[in-house]
Amino acid sequence: MTSPALRHAQAVGTVDGPLAGHHREWYVVRPEGELRGLGRVKTGEPRPDTPRFDRRGFVSEDELLGELARLGVPRVPPVHRVRAPGSPDLVIHGFIEGATLAALSPRGHPVAPALLRQITERFASLCRLRPGAVRARRVRHPAGAGADGPEGDGAGFLRALIDYTREHAHRAHLPRYGPLFDRLGVPRDALGPRSRPVAEAALLARRPFCLLHGDLHRANLIVDRSGALWTIDWELATVGDPLYDLATHLYLMDYPAQQHDQVVDDWRRTTGALLPGADAHLDEDLPRYLDYKRVQSVFTDVVRQAAALTGTAACPGFPDRLRTAAALVHTVLERAAPALGLDAVPDAGAVEEAYADFCALSPSGQASPSRQTSPSGHASPSGHATPSVHTSPSVHA
């Protein structure tokens, strides 16, 4: 049965292929009729029942992108509304022709200097947008479940993130994945009141808030044919501590050590000048945010890898997929061990055995929503080819 997203895409023009994405079912389309002049575009619908591991800040990515255009933010996809008689308007995004940074420079590899400069420029464009400048509707989080703190309250901001991760990325998955977490040595109170991340969050300095992208990794950065760097996937954008955006970027990019330090220095110099106070106590607070990202990645990747493997034990290539998943989860556990208070983590073989046992006990069936994407990456059969979303830690597009 054709999905609503695919029907919408077919109503716009010729469909080239699906895009990978956790939160939406996207399609690349060559528009026809009056829209032909737009070039290739993309359109899609939210995926039903997709687990959310990240706290969102805005009600609608489409609405936010419209605001960014109004505010003159460069190199973000344009948004168009198409009149559809007898039905709600269709929303289509411009498709940026080019290659993802992930395809040009995979995770862990250095990034070309010209592109590094443009990444710094992206942070600069974000820090200019203070909380009152962006009029897109904000998500209202329930009081007591990660409510927003006052502007500039970095401690409250990080505590809200921790609260969301504890409730939605960990506790919500314990009924199904609790035994797997236990086998991997993840404490049930990993983000409880006495945990290291909660204690460290209370020590964060105050910094002025601004718009954050929230997911600046290599697959969300597109290099066009002229060498310009575009930023896509604003689904996790929010308003908050600018140092969190830097920490998220550093964790997901996994720069070589020398380039990691260069990015921090460039961010400090540029953002500190444009948003005075943004770099306050950076050396003390950046490691605190990075610790949180490492712990968050454990919950995200343990569940996503389990969901990706469930029901595939009889499929060709399962042993290789199992081995790859175990290696990834072992890596994220090692990185998060100090923040989780773990003296040791299971080796890759023990992680593989835990997942094999989990799959043996889990009922077979259809792939979970997180797996219903193009296996080759960002676009198929043409477009931005990126690594599979299951091959690097917490690239949660």
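Could you count how many residues in region 188-209 are assigned to a loop (DSSP other than H, G, I, E, B) and closer than 12 Å to Gly341 by Cβ? Show your work before the answer.
If we filter region 188-209 for residues that are assigned to a loop (DSSP other than H, G, I, E, B), which is where we start, we get 188-195, 202-209.
The next check asks that each one be closer than 12 Å to Gly341 by Cβ; those that pass are 189-192, 194-195.
Looking only at that region, the number is 6.
I'm told Ile119 meets every condition in (1) within 20 Å of the chain's Cα centre (by Cα); (2) modelled with pLDDT under 95 except one. Can you identify the failing condition by its number?
(2)
Scan region 26-58 for residues that are at pLDDT 90 or above, under 16 Å from Trp234 (Cα atoms) and either among the hydroxyl-bearing types (Ser, Thr, Tyr) or within 16 Å of the chain's Cα centre (by Cα) (or both) and jot them down.
Within region 26-58, Phe53, Asp54, Arg55, Arg56, Gly57, Phe58 qualify.
Within region 85-107, track down each residue that is outside any loop (DSSP other than H, G, I, E, B) and closer than 30 Å to Tyr164 by Cα.
Val91, His93, Thr100, Leu101, Ala102
Considering Ala314, Ala308, Ala339, which residue is touching a residue at least 12 places away in the same chain (Cβ under 8 Å), assigned to a helix (DSSP H, G or I) and either of a type in the set (Lys, Arg) or farther than 30 Å from Ala201 by Cβ (or both)? Let's see the steps before the verdict.
Values: Ala314 fails: assigned to a helix (DSSP H, G or I); Ala339 fails: either of a type in the set (Lys, Arg) or farther than 30 Å from Ala201 by Cβ (or both).
The unique qualifying residue is Ala308.
I'm checking my understanding of the structure. Among residues of region 108-140 that are out of contact with any strand residue (DSSP E or B) (no Cβ under 8 Å at 6 or more places or on another chain) and not in a helix (DSSP H, G or I), which one is surrounded by the fewest Cβ atoms within 10 Å (Cβ to Cβ)?
Checked region 108-140; the qualifying residue surrounded by the fewest Cβ atoms within 10 Å (Cβ to Cβ) is Arg140.
Of these, Ala273, Ala247, which one is free of Cβ contacts under 8 Å to residues at least 60 places away in the same chain, surrounded by 16 or more Cβ atoms within 10 Å (Cβ to Cβ) and outside any loop (DSSP other than H, G, I, E, B)? Steps first, answer last, please.
Values: Ala273 fails: surrounded by 16 or more Cβ atoms within 10 Å (Cβ to Cβ).
Selected residue: Ala247, the only one of Ala273, Ala247 that is free of Cβ contacts under 8 Å to residues at least 60 places away in the same chain, surrounded by 16 or more Cβ atoms within 10 Å (Cβ to Cβ) and outside any loop (DSSP other than H, G, I, E, B).
Out of everything in region 67-84 that is more than 21 Å from Asp224 (Cβ to Cβ) and outside any loop (DSSP other than H, G, I, E, B), what residue ends up being modelled with the lowest pLDDT?
Val82
Considering only residues of region 22-54 that are out of contact with any strand residue (DSSP E or B) (no Cβ under 7 Å at 6 or more places or on another chain) and among the charged types (D, E, K, R), which is farthest from Gln296 (Cα to Cα)?
Glu34
All but one of (1) out of contact with any Ser or Thr (no Cβ under 6 Å at 6 or more places or on another chain); (2) aliphatic (A, V, I, L, M); (3) touching a residue at least 60 places away in the same chain (Cβ under 8 Å) hold for Ala112; which doesn't?
So the condition that Ala112 fails would be (3).
Kindly indicate which of Val295, Val345 is modelled with pLDDT of 95 or more and assigned to a loop (DSSP other than H, G, I, E, B).
Val345
Consider only pairs whose beta carbons are under 7 Å apart and that are at least six residues apart or on different chains; among these, list those whose first residue lies in region 14-37 and is under 14 Å from Thr50 (Cα atoms) and whose second residue is modelled with pLDDT under 85 and in a helix (DSSP H, G or I).
From residues that are under 14 Å from Thr50 (Cα atoms), the pairs are His22/Ser370; Glu25/Ala5.
Could you list, in sequence order, all residues of region 349-364 that are of a type in the set (A, V, I, L, M) and either touching a Cys at 6+ places or on another chain (Cβ under 9 Å) or surrounded by fewer than 18 Cβ atoms within 10 Å (Cβ to Cβ) (or both)?
Ala350, Ala356, Ala360, Leu361
Any residue at all in region 219-228 that's closer than 19 Å to Thr165 by Cα and buried (at least 22 other Cβ atoms within 10 Å of the Cβ)?
no
Where residues in region 318-348 are touching a Ser or Thr at 6+ places or on another chain (Cβ under 8 Å) and more than 16 Å from Arg196 (Cα to Cα), which of them is surrounded by the most Cβ atoms within 10 Å (Cβ to Cβ)?
In this case the residue turns out to be Val332.
Just one of His330, His260 is in a helix (DSSP H, G or I), at pLDDT 95 or above and more than 28 Å from His23 (Cα to Cα); which is it?
One residue alone meets the criteria, His260.
May I ask you to verify whether Gly178 is surrounded by fewer than 17 Cβ atoms within 10 Å (Cβ to Cβ), out of contact with any helix residue (DSSP H, G or I) (no Cβ under 8 Å at 6 or more places or on another chain) and of a type outside the set (D, E, K, R)?
yes
The values are calculated or read from the model by the stated rules, or taken from the named source; none is laboratory data. Here the structure is a predicted model, which is why all the values come from computation and not from measurement. Reconstructed Cβ throughout: ideal geometry from the backbone, glycine too, with neighbour counts over all protein chains shown.
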